[in-house]
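Working notes, beginning with the structure itself.
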Amino acid sequence: MPRSALICALLAGVVAAAAVVNQRLGLALSVVLLLAVAAAALSAQRRRSPWLLALAAALAVQPVLRDAGWVVAVAVVAALVAGAAAVAPLGTWPAVGRLAVAPLRLVAGGAVVDRAVQALLPEAPGRHAGAAVRGVALALPVLVCFAVLFAAADPAFAELAGDGFGVDADGWEIAWRATLGVVAVAVAGALVHAGRAPAEGPRRAPRVPRSGELAVALGALVALFALFVGVQIRVLFGGAAYVRETTGLGYGD
């Protein structure tokens, strides 16, 4: 995956997380689609179809020109399929059928981006740095899910989270932004994979997280649990003094 294509894929994730959430569907969504199609075009190993790329670009700008939800939904799907068709081989009918699900191969797309990022890391510390990055990526969705559950279950933990991070503890929006950014990067990687999969040689066994990656993710989760338990211990043993301090209620109340 060329560096220019990797930059396009990562920019698609940044724009999706920063500008698409809580905004009307329009320019930001079109930029994400155009960046994903550009990533596929820049990394294609075969001859690219200029007509299909032009069609994908025309469909990608429809969210700017049209406000109807059903038009935008059809245009988004069609733009991604056209982008995959522009770089994928179409010699057989099964290959044509696979185009419909090519943008949905998020795991394969994420793996393509992951390999491209690893290729840019220094040779010597690349293994450890790559494992740390993958561990953090694995830990983030888990931490967000459990933090949202803890904040919803305990007001004291929610207050601590809001004070510590300077936010209103709106964990759902944070989770939605992170998820949308990751999905945008994976979709761009899936389009790249559509044009390169047949040339990558024999199919490899599915990759599973290694011990170092799991250690980072589980260590972060254990730290979050420890923080939650620490808050519960303070509440459990605070006694009447803690009730008066946090609620303002006196003995008469």
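Check Leu99: other-chain or 5+ apart residues with amide H under 5 Å from its amide H, H built from backbone geometry?
none
Apply the Karplus curve 6.51 cos²θ - 1.76 cosθ + 1.60, θ = phi - 60°, to the phi angles in the stretch 224-235 and return the couplings in whole Hz, x for Gly and Pro.
5, 4, 4, 5, 5, 5, x, 5, 5, 4, 4, 5
Would you mind putting 228-235, 180-187 in packing order, based on average other-beta-carbon counts within 10 Å, highest first?
Final packing ranking: 180-187, 228-235.
Give me the number: length gained by fully extending Leu120 to Ala18, i.e. 0.36 nm times residue separation minus the C-alpha to C-alpha distance, one decimal in nm.
34.2 nm
Based on the mean of other beta carbon atoms within 10 Å per residue, what is the order of 244-251, 110-117, most packed first?
110-117, 244-251
Bear in mind these aren't lab numbers, they're just calculated from the coordinates by the rules spelled out. Since the model is a prediction, treat every value here as computed from it, not as a measurement. We place every Cβ from the backbone using ideal geometry, glycine too, and count neighbours over all the protein chains shown.
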